[in-house]
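Here's the structure we're looking at; comments come further down.
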C-alpha cells in the first residue's frame, strides 16, 4: 500500500471525529496519541523529518501539545522542501552539462569550418593551376599570331580570336579565385570568434573550479 493512502486515512479519521465533536454527537475527547505517533513514525521512515525532529514531535504528541493540523503542515512543508531540493540539484547537474554541450557544439562548428576551408582551398589551388596553364597558352598564342601576321592574315586572326577566348576564361577564373579567397577569409574570422568563445567558457569554468576549491579550505 502507498504511503499517501495511510496518511489520508489517518486524517480522514481525525476529521470525522472532529466533526462529531462539533456537531454534538460525541462530547468525549478521543485519545489519538497513537495515531499521531504512527504518523510521526511514517514521516520519519519516509525521510521527511530527521531524528531530532522525530524525537521532539513524539514528546509533543505524548504531552498533548501536537495537533493533526500541525502534522499536516509538517508533511506539506517537507514535500515542498524536498521538491525544491530536487529542482536545485537538477539545475546544478544541468549547469556542467550545458557548458559541455556548448563547448562540444563550438568544437563541432570548428571541425565543420576546417573541413569547408580545406575544400575551398583545394578548389582555389586547382583554379591557380588552370590559370597558370591558360597564361602559358595565351603567351604561345600571342607569339603565333605575331609570327603569322606577315605570312597569313587569316591564320593570324584565328590566333587572335583564340587569345581573346583565353583572356575571357582567365578573367572568369580570376573572379572565382577572388570569391574563394573571400570565403577563406570569412571562415578564418568565424573560427577566431568561436575560439574566443571557447576560451571564455574555459576561463569561466576554471574560475568556478578555483572558487569551489576556496570554499573547501
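Please verify whether residue 194 is assigned to a helix (DSSP H, G or I) and in contact (Cβ under 8 Å) with a residue 24 or more places away in the chain, treating the condition exactly as stated.
Spelling it out, residue 194 is indeed assigned to a helix (DSSP H, G or I) and in contact (Cβ under 8 Å) with a residue 24 or more places away in the chain.
Per this entry, residue 126 is not counted among residues that are assigned to a helix (DSSP H, G or I) and either touching a strand residue (DSSP E or B) at 6+ places or on another chain (Cβ under 7 Å) or surrounded by 14 or more Cβ atoms within 10 Å (Cβ to Cβ) (or both). Checked against the criterion of being within 25 Å of residue 190 (Cα to Cα) and surrounded by 13 or more Cβ atoms within 10 Å (Cβ to Cβ), the candidates 121, 108 yield just one match: 121. Against the criterion of being surrounded by 10 or more Cβ atoms within 10 Å (Cβ to Cβ), under 24 Å from the mean Cα position of the chain (by Cα) and assigned to a helix (DSSP H, G or I), residue 144 does not qualify.
Can residue 188 be described as part of a helix (DSSP H, G or I), out of contact with any helix residue (DSSP H, G or I) (no Cβ under 7 Å at 6 or more places or on another chain), closer than 15 Å to residue 121 by Cα and at pLDDT 85 or above? So residue 188 passes the test.
The values are calculated or read from the model by the stated rules, or taken from the named source; none is laboratory data. The structure displayed is predicted, hence computed values, not measured ones. Ideal geometry is used to build each Cβ from the backbone, glycine not excepted, and the neighbour counts take in all protein chains shown.
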